[in-house]
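Here the structure comes first, spelled out in structure tokens, and everything after it is commentary.
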Amino acid sequence: MNTTDKLLLCVEDDHDDSLWIGEISAEVDPKIVFVAKPNGRDALLFLDHQKEQNHLPCLILLDLNMPLMDGKETLLAIKKDPELREIPVVVFTTSSSKKDELFCEKHGAEMITKPQSFPGFKRTIKHLVLSRCI
């Protein structure tokens, strides 16, 4: 991975959603390096490595409901880390809970409920990649 490449980190335990996000981001810009991690623990280990490489993501897409370490715990850890806290985090989740939305807002992350249709999903991901990584 070249340190000039833009990096998009997707923290998502749904394999199909990860694949779609990777494909859509490649359509937007084939130079974006897409990395998917299935839980917060693996994502934080990856981010620690990226700090050493001085190559942090332009965007983190974060699911809330995951095994081992959920999205809320992961978001808290990211926002506590001085080297990571400025990375834009978008919580991309099936939740539409006002409580989850308030939690995300309080901790500096936008929350977007996943659209139910693939065209809506694709539009949302394209918009996020274009607005945060290009």
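Readers should treat all values here as calculations from the given coordinates under stated rules, not as data from a laboratory. What you are looking at is a predicted structure, and each value in this text was computed from that prediction instead of being measured. Ideal geometry is used to build each Cβ from the backbone, glycine not excepted, and the neighbour counts take in all protein chains shown.
Normalised by the number of residues in the chain, the mean separation of alpha-carbon contacts (under 8 Å, six or more apart) gives a relative contact order of 25 percent.
Using a 10 angstrom cutoff on alpha carbons, build the Gaussian network for the chain and name the most mobile of N54, N65, N39. Of N54, N65, N39, the most mobile in the Gaussian network model is N54.
In the chain, helices alone account for a calculated mean residue ellipticity at 222 nm of -15000 deg cm²/dmol, with every DSSP H run of four or more residues adding -39,500 (n - 2.57). Annotation: amide H of V91 within the under-5 Å range of L62, E110, M111, I112, sequence separation 5 or more or interchain, hydrogens built in the peptide plane.
Counted by neighbouring Cβ atoms within 10 Å, the residues T124, T74, T113 run from fewest to most as T113, T124, T74. Loop-resident GluC sites (Glu not before Pro) (DSSP state other than H, G, I, E or B) in region 27-87 with no more than 13 further Cβ atoms inside 10 Å of their Cβ: E83, E86. Of the cross-linked pairs K6/K72; K37/K114; K72/K106; K72/K114; K6/K122, which ones have a Cα-Cα span greater than 21 Å in the structure shown? Over 21 Å Cα-Cα: K6/K72. In loop segments of region 1-41 as defined by DSSP, the trypsin sites (Lys or Arg not before Pro) with at most 15 further C-beta atoms inside 10 Å of their C-beta are K31. Candidate cross-link partners of K80 among the aspartates and glutamates, defined by an alpha-carbon separation under 18 Å and a same-chain spacing of 8 or more, comprise D42, D48, E52, D70, E105, E110.
Assuming a viscosity of 0.890 mPa s and a temperature of 25 °C, what translational diffusion coefficient in µm² per second does Stokes-Einstein assign to the chain, Rh being the Kirkwood radius over Cα pairs? Present the calculation step by step, with values, prior to reporting the outcome.
On the way: Rh = 14.7 Å.
So the translational diffusion coefficient is about 167 µm²/s.
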